[in-house]
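Okay, so here's the structure we're looking at.
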Amino acid sequence: MPDGPSSPLTGIAASPGLGVGPAFVLLPPDLTFETRSGQDAAAERARLEAALAASRADIERIRERARASLGDEHAAIFDAHLLLLSDPELDAAITAGLNGGLNAEAALVGASDTFITMFESLDDPYLRERAADLRDVRNRVLAHLLGKPLTALADLREPAVIVAHDLAPSDTAQLDRSLVRGVVTAVGGRTSHSAIMARGLGLPAVVGVGEALHGISPGTVLLVDGDAGRVSVNPEAGEVAAAQVQMQRTAEERARLTALAGREGRTADGLRVELAANIGSPADLPLALEAGAEGVGLYRTEFLYLGRDTLPDEEEQYRAYRAVLEGMAGRPVVIRTLDVGGDKALPALNLPPEENPFLGFRAIRLCLARPDLFRVQLRALLRASVHGDLRVMFPMIATVQEFRAARALLDEERARLTAEGVPVAEHIQVGMMVEIPAAAVLSRQFAREADFFSIGSNDLIGYALAADRLNEQVANLYQPLNPAILALIGQTCAGAATQNRWVGVCGEMAGDPLALPLLVGLGVTELSMSAPALLPRREQVLKLDAGKARELAAHALTLDTAQEVEAAVRSAFPELAQREPGA
């Protein structure tokens with residue numbers, strides 16, 4: 001890019017705030033090479049082995065940094081990458097190319113592309129992810145062969161704006177949060193991994209910028225406006241100064257909100273609304289506690305299982321659950337049992353691909369069919385229960401029989417542990433996710449069985465409106481404020497009230513300022529969200545008139561469209577002048 005200012009890049013406002021700094025470019029380097037034949041196989045094998053060794057050292061270094069900063073679950077991603085480096089089938093294919101006289105680069109790419117193409121053609125989400133992992137590993141080895149080492153987030157040493165085609169979970173695992181001033185990606189939407197990650201870390205982000213991003217050189221100064229979805233390239237001094245003033249105001253605003261962190265979530269007219277955090281590992285607790293989380297409303301245990309070829313044993317799971325319960329020091333912790341399938345496949349189980357995995361063999365369905373797998377997790381949870389206020393939650397419940405079967409297995413493992421002399425908490429709340437419309441419709445019946453409901457709004461919206469939030473062609477149908485969604489939430493709360501059960505929301509709606517008064521008005525009393533959203537939502541709850549919210553919710557249920565509902569919210573609460581992009 002030129003040294004002077006140029007036209008701003010525009011994209012999707014994915015996470016709010018302003019950030020300025022030099023570009024740290026993760027876009028891949030030029031890895032083109034010349035295919036040569038008639039090469040000495042032994043010499044080319046030696047070159048390849050040197051590149052493999054250098055790649056292995058890179059990955060091991062990144063893995064240890066990830067383990068130190070984010071925990072074992074995130075580090076496991078790199079264990080999978082190390083396994084790919086020594087995959088016997090891949091090595092056999094490369095060796096065939098070398099023995100045929102190809103240079104190491106051509107043998108490597110030819111063999112790996114065959115596997116990548118095969119994986120990408122399959123329906124199973126895990127195998128498609130394996131293709132991406134193999135491409136990452138292949139590119140690292142190829143870069144070493146060409147003398148062009150890949151840039152990695154682990155190499156970040158100074159404050160910078162991250163520029164990437166996209167950010168994968170493995171990229172996130174290398175992130176030093178204290179150095180990142182913003183995130184800009186070429187692809188993605190508000191629900192992409194990059195966007196959710198940025199919101200979770202409180203980083204300004206603009207995604208979906210497009211191919212123009214590929215022209216940015218390392219070190220180019222960028223000003224990221226995560227509210228407007230705009231990135232200024234080589235901004236003028238006046239623009240940077242104005243942004244710095246705004247960032248200072250934002251910092252002061254955050255300091256003001258931080259003073260509310262210790263306040264109990266309660267509306268202005270006295271209704272208790274608990275504000276909790278969503279986490280994926282014990283490493284997420286410090287950020288949640290700093291933001292004043294009154295509990296953990298969703299601990300996603302699948303991160304213990306993903307990205308590895310072996311299942312976590314009872315002891316490993318027990319230690320992770322215990323760490324969260326002790327870290328929350330008596331505050332409630334809702335731990336969701338294994339929720340894999342759909343976009344979260346489990347390699348260790350080697351499940352066959354499904355034509356429609358989101359409607360298939362996943363979550364509680366898998367666990368009930370594999371009690372050997374499920375019982376290990378239940379035992380670990382029960383053992384950890386003595387270390388805090390544990391609440392167990394079953395995902396993707398569609399029928400009363402499923403809930404009864406899951407709870408029966410939990411009760412059986414409790415009895416076995418007691419017989420073995422292992423202490424277990426006397427009372428553990430056992431609840432369920434409401435993410436399938438059938439569960440909302442039958443909430444009165446479920447309330448006789450479950451101790452609480454937690455509404456997974458992301459999946460509930462997707463299932464109810466038959467809209468994949470990651471599919472750009474139908475993204476307009478993914479409408480959190482659609483009256484049908486509000487009706488399902490209201491029905492869930494009404495059913496829960498018949499047995500005095502509490503209802504929470506743990507999807508993206510929980511942190512949406514426009515949705516909050518509607519949720520409270522419908523009867524939700526617990527909101528669980530990403531840590532950065534907690535402080536502004538706490539202030540909103542403290543100022544909220546619950547009676548007015550109930551009137552608004554009742555009115556919203558009579559409206560026809562999501563747009564009409566949004567207009568009604570803004571009319572009732574004028575202070576919500578604009579939707580907060582990262583909430």
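Rounded to the nearest Hz, the phi-derived 3J(HN,Hα) couplings of segment 434-444 under the Karplus curve 6.51 cos²θ - 1.76 cosθ + 1.60 (θ = phi - 60°) are 10, 10, 9, x, 4, 5, 5, 5, 9, 4, 4, where x marks glycine and proline.
The ranking of 322, 63 by Cβ neighbour count inside 10 Å, starting from the fewest, reads 322, 63. Let me know the shape class of segment 184-270, please: from the alpha-carbon gyration tensor, a ≥ b ≥ c as square roots of the eigenvalues, rounded when a/c is under 1.5, otherwise prolate if a/b is greater than b/c, or oblate. Cα axes put segment 184-270 in the oblate bin. Stokes-Einstein diffusion for segment 234-344 at 20 °C, viscosity 1.002 mPa s, with a Kirkwood radius from C-alpha pairs, works out to 126 µm²/s. Count the net charge of all other residues whose Cβ sits under 12 Å from the Cβ of residue 39, scoring Lys and Arg as +1 and Asp and Glu as -1. Here the charged neighbours net out to -1.
Using only C-alpha positions, report the orientation-averaged shadow area of the convex hull of the chain, nm², one decimal. Directional mean of the projected Cα hull area for the chain stands at 27.2 nm². Assuming 1.306 mPa s and 10 °C, estimate D for segment 228-282 with Stokes-Einstein, Rh taken as the Kirkwood radius over Cα pairs, in µm²/s. After rounding, the answer is 106 µm²/s.
Rounded to the nearest 10 degrees, the angle from helix 562-572 to the longest Cα principal axis of the chain is 60 degrees. Compactness check for segment 433-583: Cα Rg over 2.2 N^0.38 Å is 0.98. According to the calculation over all Cα-Cα pairs in segment 376-469, the P(r) per 10 Å bin from zero is 16, 42, 28, 12, 2 %. Residue by residue, segment 542-549 carries 3J(HN,Hα) couplings of 4, 8, 6, 8, 5, x, 5, 5 Hz when phi is fed to the Karplus relation 6.51 cos²θ - 1.76 cosθ + 1.60 (θ = phi - 60°); x denotes Gly or Pro. Residue-wise HN-Hα couplings along segment 227-239, as the Karplus relation 6.51 cos²θ - 1.76 cosθ + 1.60 with θ = phi - 60° gives them from phi, are 8, 9, x, 10, 10, 8, 9, 6, x, 5, 4, x, 5 Hz; Gly and Pro carry x. Once every Cα of segment 287-331 carries one equal point scatterer and solvent is ignored, give the base-10 log of I(q)/I(0) from the Debye formula at q = 0.28, 0.30 Å⁻¹, two decimals. The calculated log intensity ratios at q = 0.28, 0.30 Å⁻¹ are -1.06, -1.13. Summary of the geometry: segment 454-480 and segment 380-421, compared by the centres of their Cα atoms, lie 30 Å apart.
When both bridge partners sit in the chain, DSSP labels roughly 30% of those beta bridges antiparallel. Tell me, how many Å apart are the Cα centres for segment 496-513 and for segment 1-65? For segment 496-513 versus segment 1-65, the Cα centre distance is 43 Å. Overall, the chain carries a charge dipole of about 1300 debye about its Cα centre when +1 sits on the Cβ of Lys and Arg and -1 on the Cβ of Asp and Glu, all other atoms neutral. When the convex hull of its Cα atoms is viewed from all sides, segment 308-441 shows a mean projected area of 8.6 nm².
Size descriptors for segment 473-532: radius of gyration and Dmax over Cα atoms are 12.2, 41 Å.
All of the numbers you see were taken from the coordinates with simple rules; none came from a lab. All of these numbers come straight from a predicted model, not from anything done at the bench. Backbone-built Cβ (ideal geometry, glycine too); neighbour counts: all protein chains shown.
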